[in-house]
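Here the structure comes first, spelled out in structure tokens, and everything after it is commentary.
The values are calculated or read from the model by the stated rules, or taken from the named source; none is laboratory data. Because the structure is predicted, anything quoted here is derived from the model rather than measured. Note that we place each Cβ from the backbone using ideal geometry, even for glycine, and neighbour counts take in every protein chain shown. When the accessible area is computed, the model is the full protein with side chains, heavy atoms only, and any ligands, DNA or RNA have been set aside. Shrake-Rupley method; radii C 1.70, N 1.55, O 1.52, S 1.80 Å.
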Number of protein chains: 2
Amino acid sequence: MSVQERKQRERAERERLIVATARELAEQQGWDAVTTRRLAERIEYSQPVLYSHFRGKREIIGAVALEGATEMAVAMRAATSSANGPRERVTALARAYLDFAARNPAVYDALFQLDGGLAYAQEDTPEPLKDAFAALMETLSEVAGDGVDPGLFTEVFWASLHGLATLTRTGRLLPEHAEPRIQLLVDRLAKP
Amino acid sequence: MSVQERKQRERAERERLIVATARELAEQQGWDAVTTRRLAERIEYSQPVLYSHFRGKREIIGAVALEGATEMAVAMRAATSSANGPRERVTALARAYLDFAARNPAVYDALFQLDGGLAYAQEDTPEPLKDAFAALMETLSEVAGDGVDPGLFTEVFWASLHGLATLTRTGRLLPEHAEPRIQLLVDRLAKP
DNA sequence: GGGAGATCCTAGCACCGCTAGACAATCGAG
DNA sequence: CTCGATTGTCTAGCGGTGCTAGGATCTCCC
């Protein structure tokens, strides 16, 4: 049995290598540069090996997205846990969110811009995605305001952050006034 | 001279045909389906003809984006002009924006999602883009609130709308609660 | 009418995602 | 220990992509 176990371990290790390499390449040169040929060359295997782990490029993007979702949730919880008071927590959350998007553009794209073949806002949505949304909601629920559904409020706040993140990243918004935008957004949306 | 003028007119006409066909194809089957070969076949010319009008596919996307920006500005101004009071105008504006995005997904992508090679938020930004932003600002300035820069406020509000539009379109948000989201957003962001 | 120039198309490049089929390494049964 | 079966991997290739070089044709002007 031990031999099979070792093989399985090696296989899992190689899968991690694929995802990590895809992510690295995407961060370095953008997702367009992540071709199956280049990816195969970097992991020092032939192309078909990729397809023994994933159905195709889309699933690789999905794997990077899931990894990113987990990290993002951790980053957001870390940021909010060291802030005092609901409003400060929301500000810290917003900053952490936008910071993550700016520092990991390729991962952010995999999560929210590209098609990774993942289900969103459904029962069969993968756990990491649900958890990232949950991390948002934990902090945002405190400032949703009376009579406002926390889920709805989280969606709206999230959409605003997402808009800021993507428009900034594609050059539609200049990054200079990022901080006042955050202040204004939190100031208006957060209720009490 | 008349012959040359006719030729120029025909050339301009063909250019319009290219842009219109690209847009139509993108709306029907998505931008991935807009290949230079398919596009060339639809306009009944060979591929190289496209390159005598545009540098490449990117510029064709850019042309569709500019066309869309003009239409979007018209749609937003039409929606706001028939509303009474600043708050009603803002609601109408938000609805018009999201409605345009939902009805013209390919055009919206060309504008804000894809790379059309256009400059944004700069001096050499094409006029239609500036004007679309101006259309937003006209209505939003009224509700920016005291001491808040109208430009900054417009950026934040626009980002929120953009987030709602894109997350909804890619299935990250369910379209069911679109209206309450708009209400909540306007309610919180619009000041007086 | 004939040469010059504009106009357009055929053919092809390098690359893409993805896969069939050959080959080699490894395993388990006798 | 040997030998067939299974597993794993690679080479080669398919149909597609954006884009372009070079030749053919057509039109205009002298």
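Put +1 on the Cβ of every Lys and Arg and -1 on every Asp and Glu Cβ in the range B:57-189; which of B:A63, B:L184, B:A110 then has its Cα farthest towards the positive end of the dipole?
The listed residue farthest towards the positive side: B:L184.
Ignoring ligands, DNA and RNA, what percent of the accessible area of chain A is carbon or sulfur (1.4 Å)?
Numbers: 4830 of 9600 Å².
For chain A, the apolar C and S fraction of the accessible surface comes to 50 percent.
So if I restrict to the alpha-carbon atoms in the range A:1-53, what is the Rg, and what is Dmax, the biggest pairwise distance, in Å?
Answer for the range A:1-53, Rg first and Dmax second: 12.5, 42 Å.
If each Cα of the range A:80-150 is one equal point scatterer, what is log10 of I(q)/I(0) from the Debye formula at q = 0.18, 0.27 Å⁻¹?
-0.85, -1.20
Can you list the residues of the range A:150-164 that have at least 30 square angstrom less accessible area with all protein chains present than in their chain by itself, probe 1.4 Å?
A:L152, A:E155, A:V156, A:W158, A:A159, A:S160, A:H162
Return one whole number: the accessible area per residue of the protein assembly as shown in Å², for a 1.4 Å probe. Don't skip to the end; give the middle numbers.
Details: 19190 Å² over 384 residues.
Spelled out: the 1.4 Å probe surface of the protein assembly as shown, per residue, equals 50 Å².
Cα-Cα pairs above 14 Å in the range A:135-192: how many percent? Mind dumping the intermediate values first?
On the way: 943 of 1653 pairs.
The answer is 57 percent, as a whole percent.
How shielded is A:120-126 by partner chains, expressed as the average number of their Cβ atoms within 10 Å of its Cβ atoms? Provide the component values of the computation, followed by the final result.
Working: counts 6, 5, 2, 0, 0, 0, 0.
Per residue, the average neighbour count from other chains is 2.
Checking an interface number: how much accessible area is buried between A and B, summed over both chains, with a 1.4 Å probe, in Å² rounded to 100?
Details: alone 11120 and 11110 Å², together 19190 Å².
By this definition, chains A and B bury close to 3000 Å².
Over all distinct alpha-carbon pairs, what is the Kirkwood Rh of chain A in angstrom? If you can, show how the numbers build up before the last one.
Details: mean 1/r = 0.0551 Å⁻¹.
Evaluated on chain A, it is 18.1 Å.
Can you give the mean number of other chain Cβ atoms that lie within 10 Å of the Cβ atoms in peptide B:184-191? Before the final figure, lay out the partial values.
Values: counts 10, 6, 0, 4, 12, 7, 1, 1.
Per residue, the number of nearby Cβ atoms from other chains is 5 on average.
Can you classify the protein assembly as shown as rounded, prolate or oblate using the Cα gyration tensor, where a ≥ b ≥ c are the square roots of its eigenvalues, rounded means a/c under 1.5, and otherwise it's prolate if a/b beats b/c and oblate if not? Show your work: numbers first, answer last.
Working: a/c = 2.19, a/b = 1.05, b/c = 2.08.
Cα axes put the protein assembly as shown in the oblate bin.
Determine the relative contact order of the range A:58-189: mean sequence separation of Cα pairs under 8 Å and six or more apart, normalised by residue count, in whole percent.
31
Quickly estimate the mean residue ellipticity at 222 nm for chain A, helices only: each DSSP H run with n ≥ 4 gives -39500 (n - 2.57), and the total goes over all residues, rounded to 500. The partial results should precede the final answer.
On the way: 9 runs with 140 residues, N = 192.
My calculation for chain A gives -24000 deg cm²/dmol from helical runs alone.
Name the most mobile residue of B:R95, B:R58, B:R11, meaning the one with the largest mean-square fluctuation, in a Gaussian network model of chain B with Cα contacts below 10 Å.
Fluctuation is largest for B:R11.
Please give the contour-minus-distance gain from B:A102 to B:A134: 0.36 nm per residue of separation, less the Cα-Cα distance, rounded to one decimal in nm.
Values: separation 32, 0.36 × 32 = 11.52 nm, distance 2.12 nm.
Roughly 9.4 nm would be gained on extension.
When you look at the Cβ of every residue in B:169-176, what mean number of other chain Cβ atoms sits within 10 Å? Please list the in-between numbers first.
Working: counts 0, 5, 6, 11, 7, 4, 0, 0.
Mean partner-chain Cβ count within 10 Å for B:169-176: 4.
Quote the accessible area belonging to A:L173 in square angstrom, nearest 10, computed with a 1.4 Å probe and with ligands, DNA and RNA left uncounted.
Per-residue accessible area (A:L173): approximately 0 Å².
Taking only complete DSSP H runs, can you tell me which helices of chain A stretch 24 Å or more along their own long axis by Cα positions and average at least -1.0 on the Kyte-Doolittle scale? Present the calculation step by step, with values, prior to reporting the outcome.
Values: long enough: A:2-29 (40 Å, -1.42); A:57-81 (36 Å, 0.45); A:86-103 (25 Å, -0.28); A:150-169 (28 Å, 0.56).
Helices meeting the criterion: A:57-81, A:86-103, A:150-169.
Top to bottom by accessible area (1.4 Å), largest first, where do A:Y45, A:Y120, A:Y97 land? Walk me through the intermediate numbers first.
Numbers: A:Y45 105, A:Y120 25, A:Y97 0 Å².
Descending order: A:Y45, A:Y120, A:Y97.
Give me the one-decimal nm value for the distance between modelled label points at B:R9 and A:R55, 7 Å along each residue's Cα-to-Cβ direction.
5.4
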